[in-house]
Structure formats: C-alpha cells, structure tokens
Amino acid sequence: MPIKGVSDIRRMPVLGKIRLGVKVDAGDKSHPQAVDYFVVPDEIKQYVGEMPKKLDIMFPADDMEKVAQQWLRCYSRTQGQLCKGDGETATRKVDTRTGDIAGPTTAEWILREGWGCDPEECYQYKNNQCRRVMNLLFLLPNVPGLGCWQLDTSSFYSIVNVNSCVELIKGACGRVSFIPLVLSLEPKQVSPQGMKTKTVHILSIGSELKLAEIKEMGKTAPQLITTPALDEEEVPVAIFPSQTVIQASPDAPAAVIIDVAATGDSPEPPEERTPADVTEDDVPDLLSVFRLCHHFWEMQPVDVCGVFNKTSMLYLKEAGILPWDAWLKVKGLKQPEGAV
C-alpha cells in the first residue's frame, strides 16, 4: 500500500542556478555587478551559448506561488534565512534571550510568526540585509537533464514584468505550464527616485508561437507535477553582497533550534511576587521587562514591543524608551489601577 503523505508526493530536482550578475572582488570586499546576459553554468553553455540573452523555457506548474516565490528575505551566513515577510507580517528567527532577531551571539532561537514587516521601518531592510527576492523555477527543454533551474532576482521591474507576462499568457490560453516560452533580458530606461534616468536589463517572458497556437495548446491539460522545494537557507550571493549579510562571530556558539513554545532559561521572579511588588531595581534593562511580562502575563517579546507600536527591542532602544517606563506602561494596560 502507498504511504500517505509520502508515496503521493512528486518533486523535480533543482539542477542548478542561472544568475543575472557576476561577483566582483574589491580588496577584502565583494559586490554583485549586473550584466546584460544570463550567467549560466559551464556545463550547459554548449546548449544555450556562452552569454545568452534569451533562454527557451517552460514552467512546470501553473501555481506562481510555487514557481515564482516572492518574499522579503533576510539572511545570515551561518544560520541561513533569518526573516521572510510580505511587507506586512513576517516569520523570523528570534533570539530567546533578547527577543530580537537572531544575531552573531545567538545561542538559541525560535521561529516566530506574526512579526511586523514594514520595509520603511525595518533596520535590516534599510541596511540591505533584507531585500525583496523572486525565486523563479523553470525547465530548459533544450538542455539535457530532468529537473528545474533556478534564477533569483531582486529587481522591482523584473518582478513586476514577470508577473504581468505570466498573467497575459494565462489569459490567452488558460494556463502557463508546459507552454514553450522565451525568457529574455530586455533593456529598459528607468528613473529611480532621487536618481538620474538609467538603462537596466529586466526579465521578460514571451513566446515565438502565434496566439492561435498558444490557445490550441491550452486546450490540453498537462500532467500535474509538484515543483521543487526551495533551499531557503542558502544566501542568493548574486543579490546579497557578502558585507551586507548578517555575519556571525567565529567564536559564537552554534544556534540551537528549540520548540516554539519554549521561553529560554532566563530566571523568573519568585512565584509569590505580584506585579505590584516589582521595583525599579528589578527592571535594569529591557530584557528584564520581557522576562517580567512573560512571567506574569505570558507575553512574548513581540507582544511587549507591540504595546509601543514597535517590532523589536532594537526599535524600543532607538525610541529612547526606558525599561522602567516600559514596565509601567505594560503593567498599566494589563493590570489597571483598582483591578484585582
């Protein structure tokens, strides 16, 4: 008998990556440099060319959430993906001791959902440690091998153009999977805010078939195939310069994954104490506020930060919120004057 949840799963392997830039070394630093051609692995150059500007492709599925994932992503060299958000909410690796995003000295972290995600306020986004990323998965029908190829881009114009092209094709034939398409890099003049007009090369998807031929192909439903599971922990090096990825200290302990319900090993106040017994000496820092709030009301760090419309302890500090004032405000909300 088949094993439920195992025998019915079909996945294509990811055969390799195709990039939109080259890595340029400058002393002890490096940065990606965009080019006007696809940077392909040596083993497929004989089939697609040395520096192709067009690739014959097919998508293995119609669900663009699988073949063209689009997220705001933040990475660490040692812990992989630290945060993945949609511009409103995010899932983040949170340091169990500080309640902030896992960093170089993090010993234990939990994966927490419901984190605030606002690029205009996010420290990691402002410092290029977080970027929008589209992971495009497609087949190369003229290249030997059974599997998908992956291409990553952080270009606003490319992401919007790919989404628009796919919707146009779907509108013409009802689907996009297993339709012969052409992925190309096309020059486009753009005027980013505060910058001069410049020419960039953006992704575009089209077809050399006639519209009537595409509509005819759409009448036949293809075999449904589950696309590969992306390796979200791998840093897209062509997008993230090495100096902007959150680095870990060589002496830092390895991160330990613990259950989402875990609260860390921080000492808690004695059971017999009440919020009214807490004095200013008990709250020397913001971390103490987190511990007290969790002890008395089972609040998580993100809940405490939310009282001040902030997303992390970092922003509480930047706003100049003092530990004692923070404690008094949370206590006032959770246990107003006169409450039993």
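The values are calculated or read from the model by the stated rules, or taken from the named source; none is laboratory data. None of the values given here were measured: they were computed from a predicted structure. Cβ: placed from backbone, ideal geometry, glycine included. Neighbour counts: every protein chain shown.
Determine which single condition residue 86 fails, assuming it passes every other condition in (1) touching an Asp or Glu at 6+ places or on another chain (Cβ under 9 Å); (2) at pLDDT 85 or above; (3) not hydroxyl-bearing (Ser, Thr, Tyr).
(1)
Could you list, in sequence order, all residues of the stretch 35-46 that are surrounded by 14 or more Cβ atoms within 10 Å (Cβ to Cβ) and outside any loop (DSSP other than H, G, I, E, B)?
Correct list: 35, 37, 38, 39, 44.
Please report, ordered by residue number, the helices (runs of 4 or more DSSP H) entirely within the stretch 238-340 with at least 3 residues that are touching a strand residue (DSSP E or B) at 6+ places or on another chain (Cβ under 6 Å) and modelled with pLDDT of 50 or more.
Working: elements: 286-297, 301-307, 313-318, 323-334.
Counting at least 3 such residues, we get no helices (runs of 4 or more DSSP H) at all.
Only one of (1) more than 23 Å from residue 199 (Cβ to Cβ); (2) in contact with a strand residue (DSSP E or B) (Cβ under 9 Å, 6 or more places away or on another chain); (3) at pLDDT 75 or above fails for residue 21. Which number is that?
Among (1) more than 23 Å from residue 199 (Cβ to Cβ); (2) in contact with a strand residue (DSSP E or B) (Cβ under 9 Å, 6 or more places away or on another chain); (3) at pLDDT 75 or above, the lone unmet condition for residue 21 is (1).
Quick check: is even one residue across the stretch 66-74 outside any strand (DSSP E or B), at pLDDT 90 or above and out of contact with any Pro (no Cβ under 7 Å at 6 or more places or on another chain)? Give the derivation first.
From the stretch 66-74, those outside any strand (DSSP E or B) are 66-67; that's our starting set.
Then keep just the ones that are at pLDDT 90 or above; that gives none.
Checked the stretch 66-74: no residue is outside any strand (DSSP E or B), at pLDDT 90 or above and out of contact with any Pro (no Cβ under 7 Å at 6 or more places or on another chain).
Residue check, residue 182 against (1) more than 25 Å from residue 214 (Cβ to Cβ); (2) exposed (fewer than 15 other Cβ atoms within 10 Å of the Cβ); (3) of a type in the set (Val, Ile, Thr), all met but one. Which one?
Evaluating residue 182 over (1) more than 25 Å from residue 214 (Cβ to Cβ); (2) exposed (fewer than 15 other Cβ atoms within 10 Å of the Cβ); (3) of a type in the set (Val, Ile, Thr) leaves (1) as the failure.
Answer with yes or no whether residue 166 is in contact (Cβ under 8 Å) with a residue 40 or more places away in the chain, in contact with a Leu (Cβ under 8 Å, 6 or more places away or on another chain) and either among the aromatic types (Phe, Trp, Tyr) or surrounded by 17 or more Cβ atoms within 10 Å (Cβ to Cβ) (or both).
In short, no.
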